[in-house]
Each structure stands twice: as C-alpha cells, then as structure tokens.
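Presented below is the structure to which this report refers.
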Amino acid sequence: MKSGTFITFEGPDGAGKTTIIRLVAKQLKNVLLTREPGGIEIAEQIRRVILDRDNTAMDPRTEALLYAAARRQHLIERVKPALDEGRIVLCDRFVDSSLAYQGYARNLGIDEVYMINQFAIEQMMPELTIYFDIEPELGLKRINKNKGREINRLDLEDLEFHRRVREGYHILLERFPNRMVKIDASGTVEEILQKTLQIVVNKLATN
Ligand SMILES: Nc1ncnc2c1ncn2[C@@H]1O[C@H](COP(=O)(O)OP(=O)(O)OP(=O)(O)O)[C@@H](O)[C@H]1O
Ligand SMILES: [Mg+2]
C-alpha cells in the first residue's frame, strides 16, 4: 500500500506555524493535523513534566530525552497509523524543534540530539519541513498580543535564547536542503498561507 506524506511545520515561537497549519489543513483532503503530544496519554504525561514551571532543576539532556520519548509515543500511536492509511500528516513542530532548541540554543549539540531522536523515530523523518523564518522580536511581539495563551517555562527565556533558536534553524536549513524549505513569516497570514499551499501542493504532486 502507498504510504502517506509526512510534512512538518517549524520555526521560532510566534512565527505563525499553528495559524498557518490549521488553514492549510482546511484546504486538503485526507489530512491529519497533529502536534506533539497530541492527546496521546503517555506523551501528555511526559510533556507535563517538561513544561512544569516548578521543574527548574531539569537538566538539558533530561529534557531532550523526554522530548524524544514523547515524540516516539505520538509517532507510533498517531502519525504512523495515518501514514499507513495513506493520509497526509501535518505536524506542528517535530524533530527540528529539538535540534534547534536543545541541540543548538541549549548547546547540547545538534548531532547529539539528532542521535537520540533517530533512536526514537527510526526512519520516520518528514518528507518535507516548512520552516517559518521570523525575527525573534516580531515573533515574541505576536505572542504577547495573544493574552489568552498560557505562558510556559520556555517562553520565559530571554531574547538572546530566541536568537540562538533562529540561528539553529538556519544551520538546519543548510544541513537538510532537500527536506527543508524556508518561508519568510513576517508577512500577512494570507501571503504566508499562499506560499505554504504552493509548496505543499507541489510536494503532493511529485509524490
Ligand atoms: N502573519 C501574521 N501576522 C500577524 N500576526 C500573526 C501572523 N501569524 C500569526 N499571528 C498571530 O501571532 C500569534 C502567534 O501565532 P501562532 O500561534 O500561529 O505562532 P506559532 O508559530 O504557532 O507559535 P508557538 O511556537 O509559540 O506555538 C497569534 O496570536 C497569531 O494570531
Ligand atoms: Mg504554535
């Protein structure tokens, strides 16, 4: 049986990933829109440990391993079955978030974090990753406008950290040129949506 198409959306906080992925999903048929931990009970439990603001003693490697563990469970319980059914899976953040945030910005090393993630996901890498590029100042400004959003531990990191996250993504773009496509995310929602749809539709057409 033909397997589906696995596409991930990446980028710094406030780049507009969640906004755009929802709009893209509405335009496609046979699509699963998901994000980690995605309501998968074991993955949700792991995520609660990661995001708990009381866990100030959390070691960066512990955090990276927990992300990889939650990722594995979500992949096996939700993503893989959908791909096996031939569906398009759109995932809001995936392995590149760990590489940019833990690997690069937190100095664990992109290679080291990639290694534990390869163990977690085996060969199930996305075929296409759309990277939403944004100045950290603009991304954070967008987030702060949205008052309904709960502030988590990672949001409290300083601007310098977010600059490093973006730098990390730029390194990944050079490293995975066949898989990753960059979109300038500073424009309007409509502009970004059209660019994204074009890339996604092209990918589906060549599959
Ligand atoms: N192109 C845009 N122009 C202006 N505001 C935007 C744009 N895209 C999204 N927003 C707004 O910016 C905020 C952040 O957007 P969104 O939640 O989609 O970002 P995100 O990349 O998913 O962030 P996070 O990494 O924190 O989940 C939201 O309030 C959203 O309505
Ligand atoms: Mg989001």
Problem set entry | MRE, 222 nm, helices only [DSSP H, n ≥ 4, -39500 (n - 2.57), over the chain, to nearest 500] | -15000 deg cm²/dmol
For this session: Arrange the peptides 94-105, 73-84 so that the one whose residues have, on average, the most other Cβ atoms within 10 Å appears first.
Result: 94-105, 73-84
Exercise. What percentage of the solvent-accessible surface of the chain, computed with a 1.4 Å probe over protein heavy atoms, is contributed by carbon and sulfur atoms?
Worked result: 51 percent
Exercise. Non-local amide H neighbours of Thr8 (under 5 Å, H modeled in plane, Pro and chain starts lacking H): which ones?
Worked result: Cys91, Leu128, Thr129, Ile130
For this session: Subtracting the Cα-Cα distance from 0.36 nm times the residue separation, let me have the gained length for Asp84 to Lys29 in nm, one decimal.
Result: 18.2 nm
Problem set entry | Solvent-accessible area per residue, Å², over the chain with all protein chains present [probe radius 1.4 Å] | 51 Å²
Seminar exercise, completed: the chain: spread of alpha-carbon positions along the three principal axes, whole Å, largest first, is 46, 36, 34
Exercise. Using θ = phi - 60° and the Karplus form 6.51 cos²θ - 1.76 cosθ + 1.60, what ³J(HN,Hα) does each residue of region 99-116 get, whole Hz, x for Gly and Pro?
Worked result: 5, 6, 7, 7, x, 8, 5, 9, 6, 6, x, 4, 4, 5, 5, 5, 4, 5
For this session: Determine ³J(HN,Hα), in whole Hz, for all residues of region 73-80 in sequence, where each value follows from phi through the Karplus function 6.51 cos²θ - 1.76 cosθ + 1.60 and θ = phi - 60°; x replaces Gly and Pro.
Result: 5, 5, 4, 6, 7, 10, 6, 4
Exercise. Tell me, what HN-Hα J-couplings in whole Hz come from the Karplus equation 6.51 cos²θ - 1.76 cosθ + 1.60 at θ = phi - 60° for each residue of region 177-194, using x for Gly and Pro?
Worked result: x, 7, 8, 9, 10, 9, 10, 6, 9, 8, x, 7, 4, 4, 4, 5, 4, 5
For this session: Given a cut-off of 21 Å, name the pairs among Lys17/Lys141; Lys17/Lys182; Lys145/Lys195; Lys141/Lys203 whose C-alpha atoms lie farther apart than that in the structure shown.
Result: Lys145/Lys195; Lys141/Lys203
Seminar exercise, completed: Scoring the chain by relative contact order with C-alpha pairs under 8 Å, at least six apart, yields a percentage of 33 percent
Problem set entry | Distance from region 115-146 to region 14-93 (C-alpha centre basis), Å | 11 Å
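The values are calculated or read from the model by the stated rules, or taken from the named source; none is laboratory data. For clarity, every value in this text was computed on a predicted model and none was experimentally measured. In this analysis, Cβ positions are derived from the backbone assuming ideal geometry, glycine residues included, and neighbour counts consider all displayed protein chains. What goes into the accessible areas is simple: the full protein's heavy atoms, side chains included, and nothing from ligands, DNA or RNA. Shrake-Rupley method; radii C 1.70, N 1.55, O 1.52, S 1.80 Å.
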